[in-house]
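Taking it in order: structure first as structure tokens, then the write-up.
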């Protein structure tokens with residue numbers, strides 16, 4: 001009876017290049033990669049959780065006080081309502097160049113002020129703006145609450161004002177003609193848009209109305 005000789009164990013060759021010895025592993029991971037991985041995780045947590053939390057925790061506090069006026073465009077001045085927060089804009093006296101736009105907020109309502117070209121009068125620009133709103137998300141299902149109202153501001157400027165509402169938002173648009181003081185150049189308009197969720201606008205409509213009626217010209221530097 002013959003007996004088979006024991007065979008030599010197969011030569012397994014060198015370990016693969018990505019093989020990590022047991023003594024250098026921790027929970028199956030290469031210990032050398034842990035510092036880099038932890039750094040990446042910390043940065044991710046910082047930008048996705050910590051910074052947004054801090055941003056939400058710090059309240060904005062830049063209220064309008066008595067005597068504040070907003071310099072808008074080359075010659076228009078707006079008197080904003082007391083207590084509203086000035087998110088963006090230039091107060092008269094803060095710098096020599098007036099801002100092209102301003103943003104105010106209060107009670108969930110945002111009031112945007114800007115200077116725009118006025119090629120065809122206040123009514124045409126008002127129609128264009130309300131049409132743009134009706135095509136936006138906030139203006140879906142928009143309806144005009146009344147016909148446009150025409151008035152003259154405290155500075156003698158002609159304005160057209162329109163209130164509107166949708167199932168989720170209500171707002172008002174005012175276009176205030178601001179022709180060049182010397183009669184030259186292209187006419188412009190101060191456009192004031194205020195809007196907020198639901199009936200929020202109703203709680204501050206008096207403030208918005210005073211802002212519209214208080215637009216004047218000059219003295220913004």
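The values are calculated or read from the model by the stated rules, or taken from the named source; none is laboratory data. In this text, all values refer to a predicted model and were calculated from it rather than measured experimentally. With ideal geometry, Cβ positions are generated from the backbone for all residues, glycine too; neighbour counts draw on all protein chains shown.
Annotation note: of 103, 77, the sole residue that is over 21 Å from the mean Cα position of the chain (by Cα), at pLDDT 75 or above and not in a loop (DSSP other than H, G, I, E, B) is 77.
Which ones in the stretch 105-132 are closer than 23 Å to residue 84 by Cβ and touching a residue at least 60 places away in the same chain (Cβ under 8 Å)? 106, 107, 108, 109, 110, 111, 112, 113, 114, 115, 116, 129 - these are the residues of the stretch 105-132 that are closer than 23 Å to residue 84 by Cβ and touching a residue at least 60 places away in the same chain (Cβ under 8 Å). Answer yes or no: is there a residue in the stretch 180-196 that is in a loop (DSSP other than H, G, I, E, B), modelled with pLDDT of 95 or more and touching a helix residue (DSSP H, G or I) at 6+ places or on another chain (Cβ under 8 Å). No: the stretch 180-196 contains no residue that is in a loop (DSSP other than H, G, I, E, B), modelled with pLDDT of 95 or more and touching a helix residue (DSSP H, G or I) at 6+ places or on another chain (Cβ under 8 Å). Please go through the stretch 189-215 and give me each residue that is surrounded by 21 or more Cβ atoms within 10 Å (Cβ to Cβ) and over 23 Å from the mean Cα position of the chain (by Cα), ordered by number. Within the stretch 189-215, 215 is the sole residue that qualifies.
Could you say whether any residue in the stretch 58-65 is at pLDDT 90 or above, buried (at least 18 other Cβ atoms within 10 Å of the Cβ) and farther than 17 Å from residue 175 by Cα?
Narrowing the stretch 58-65 to residues at pLDDT 90 or above: 62-65.
Okay, now just the ones that are also buried (at least 18 other Cβ atoms within 10 Å of the Cβ), so 64.
In the following step, the residues that additionally are farther than 17 Å from residue 175 by Cα were identified as 64.
For the stretch 58-65, residues at pLDDT 90 or above, buried (at least 18 other Cβ atoms within 10 Å of the Cβ) and farther than 17 Å from residue 175 by Cα: present.
Residue-by-condition table, conditions (1) modelled with pLDDT of 90 or more; (2) within 25 Å of residue 207 (Cβ to Cβ); (3) more than 22 Å from the chain's Cα centre (by Cα):
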site	(1), (2), (3)
115	yes, yes, no
132	yes, yes, no
139	no, yes, no
142	no, yes, no
145	no, yes, yes
152	yes, yes, yes
